[in-house]
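Have a look at the structure below before the remarks.
The values are calculated or read from the model by the stated rules, or taken from the named source; none is laboratory data. Predicted model, so just to flag it, every value in this text is computed and none were measured. Please note: Cβ atoms are built from the backbone with ideal geometry, for glycine as well, and neighbour counts cover all protein chains shown.
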Amino acid sequence: MKKLNIGLKEVQAVYDGPEGILWELIMGEQIHVGGFKSSMELAQKAGLKAGMKGIDLCSALGAGCRFLVKNFGVTMTGLDGTKTMHEKAQVRAKDEGLADKIEFKLGDVTQIPFADGSFDFVWGEDAWCYVADKGKLISEAARVLKPGGILCFTDWIEGLKGLSDAEAERINTFMKFPYMESQKGYEKLIKDNDLKLSVSEDLTPEFAGYVDFYIKMLTDQLTFDALKIIGDNMEMFQGMGGEMAFMGQKAHEGKMGRGRFVARK
C-alpha cells in the first residue's frame, strides 16, 4: 500500500488549527466514530477493571482518558504529539476534577517515554491512522505493557475490497493520514510483537453510516458553526463536503472503514 509523505508536522497543523476544532464540532470531544457507545464496547471487550493503569496513545483532548477514569475506575496517562491538544486535555481534566487521576505528556507515540512493563493496558481510538510507522507504534505499545497486559484500540482501516492508489491518495491527503493499515495488516503487526489476538472486528458497514451522519449534520444543522470555524469560507466548506462524500462512497463500497482490536501480552 502506498504511503504518503505525511508526518507529525502535518498532523500538528491540523489539530493546532481550525480543522481540529471542526472535527470536535462534528464528532464531539472524543473525536472518534461512535463516541461513548464505541468506547464502552471497546473497554468491555478488553475486560478493563478498576485499579488498572493505562496509557492512551494519541490522546488528543483527553476525552478517552476521562471516559475510562469515570466509567471504569482506572488511572490514565495520555500521550499526544500536538501541543494544542495536550494543553486543552490538561485544562479539561482539571475542570472535571480528574487531574489527580490522569497525567498528560507531550511526545511521540513511536517513542513512548516510559519503562518496559509500565501499564496494564494500552488504549487508542481512531487515531493511529495518523502515525506513519505503525509497526514501531505497536512495538512500543507491546514494550510498555506488563505481562498479561491488554492492547485495545479502534482505527480507520483500508477495507477488504481495497482502495486504488488514486483513491487512497485522495482520502489520505484530505485526512492527513500517511496511510491506512488494513485489518489483516494490524493482525500481523500484533502477532509479530508476540501479542495474542482475541478480537479483530471489521466495523466498516457501521462506519459508512456514520460518515453519512456527519455529512447530514454539517449540511442540515451545523453549517453556520462550521463556516465560523473556517473563516466563513464557503468554497472550503463545499470542498470538504465533497471529500467527505467521496469517503462515504468508498466506505459503502467496502474499500475503507474501521476496525476494532484487542490483544494480550
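Scan region 40-67 for residues that are of a type outside the set (Gly, Ala, Ser), within 15 Å of Gly149 (Cβ to Cβ) and crowded, with 23+ Cβ neighbours inside 10 Å and jot them down. Hits for region 40-67 are Ile55, Asp56, Leu57.
Of note, Gln183 satisfies the criterion of being polar (S, T, N, Q) and under 20 Å from the mean Cα position of the chain (by Cα). When each of Gly17, Gly81 is tested for being closer than 30 Å to Met236 by Cα and within 14 Å of the chain's Cα centre (by Cα), the lone residue that passes is Gly81.
I need the full set of residues from region 70-100 which are part of a loop (DSSP other than H, G, I, E, B) and surrounded by fewer than 17 Cβ atoms within 10 Å (Cβ to Cβ), in order please. The answer is Gly73, Glu96, Gly97, Ala99, Asp100. A single entry from Lys94, Lys88, Lys101 fulfils the requirement of being among the basic types (Lys, Arg) and under 28 Å from Met180 (Cβ atoms): Lys88. A single entry from Ala168, Ala226 fulfils the requirement of being crowded, with 20+ Cβ neighbours inside 10 Å, more than 19 Å from the chain's Cα centre (by Cα) and in a helix (DSSP H, G or I): Ala226. Which residues, taken from region 26-69, are part of a helix (DSSP H, G or I), in contact (Cβ under 8 Å) with a residue 60 or more places away in the chain and under 21 Å from Tyr210 (Cα atoms)? Ile26, Met27, Ser38, Ser39, Glu41, Leu42, Ala43, Gly64 - these are the residues of region 26-69 that are part of a helix (DSSP H, G or I), in contact (Cβ under 8 Å) with a residue 60 or more places away in the chain and under 21 Å from Tyr210 (Cα atoms). Exactly one of these conditions fails for Asp232: (1) more than 22 Å from the chain's Cα centre (by Cα); (2) in a helix (DSSP H, G or I). Give me its number. The single condition Asp232 does not satisfy is (2). Determine, yes or no, whether Ser59 is more than 23 Å from Asp95 (Cβ to Cβ), under 13 Å from the mean Cα position of the chain (by Cα) and hydroxyl-bearing (Ser, Thr, Tyr). No; evaluated as a whole, the condition is false for this residue. Checked against (1) in contact (Cβ under 8 Å) with a residue 24 or more places away in the chain; (2) within 20 Å of Glu158 (Cα to Cα); (3) in a helix (DSSP H, G or I), Gln249 passes all but condition (1). Only residues that are under 23 Å from Arg264 (Cα atoms) and of a type in the set (S, T, N, Q) were counted in region 161-209, giving 5.
Counting only residues that are charged (D, E, K, R), more than 22 Å from Leu218 (Cα to Cα) and in a loop (DSSP other than H, G, I, E, B), region 2-25 holds 2 of them.
Is at least one residue of region 101-119 closer than 15 Å to Glu29 by Cβ, in contact with a strand residue (DSSP E or B) (Cβ under 9 Å, 6 or more places away or on another chain) and of a type in the set (Asp, Glu)? Within region 101-119 (the criterion being closer than 15 Å to Glu29 by Cβ, in contact with a strand residue (DSSP E or B) (Cβ under 9 Å, 6 or more places away or on another chain) and of a type in the set (Asp, Glu)), the answer is no, since none of the residues qualifies. On inspection, Gly162 fails the criterion of being surrounded by fewer than 13 Cβ atoms within 10 Å (Cβ to Cβ) and more than 19 Å from the chain's Cα centre (by Cα). Taking residues in region 153-168 that are closer than 30 Å to Leu48 by Cβ, and partners anywhere that are of a type in the set (S, T, N, Q) and at pLDDT below 95, the pairs with Cβ atoms closer than 9 Å and at least 6 places apart or on different chains are Ile157/Thr204; Gly159/Thr204; Leu160/Thr204.
Regarding region 181-190, can at least one residue be identified that is within 25 Å of Ser118 (Cβ to Cβ) and among the aliphatic types (A, V, I, L, M)? Yes, region 181-190 contains at least one residue that is within 25 Å of Ser118 (Cβ to Cβ) and among the aliphatic types (A, V, I, L, M). Restricting attention to region 186-196, the residues that are touching a strand residue (DSSP E or B) at 6+ places or on another chain (Cβ under 8 Å) and either in a helix (DSSP H, G or I) or surrounded by fewer than 15 Cβ atoms within 10 Å (Cβ to Cβ) (or both) add up to 5. Is it the case, given these coordinates, that Leu197 is in contact with an Asp or Glu (Cβ under 8 Å, 6 or more places away or on another chain), on the phi < 0 side of the Ramachandran plot and among the hydrophobic types (A, V, I, L, M, F, W, C)? Yes: the conditions hold for Leu197. Right, Lys136: under 30 Å from Gln238 (Cβ atoms), of a type in the set (D, E, K, R) and not in a strand (DSSP E or B) or not? In short, no.
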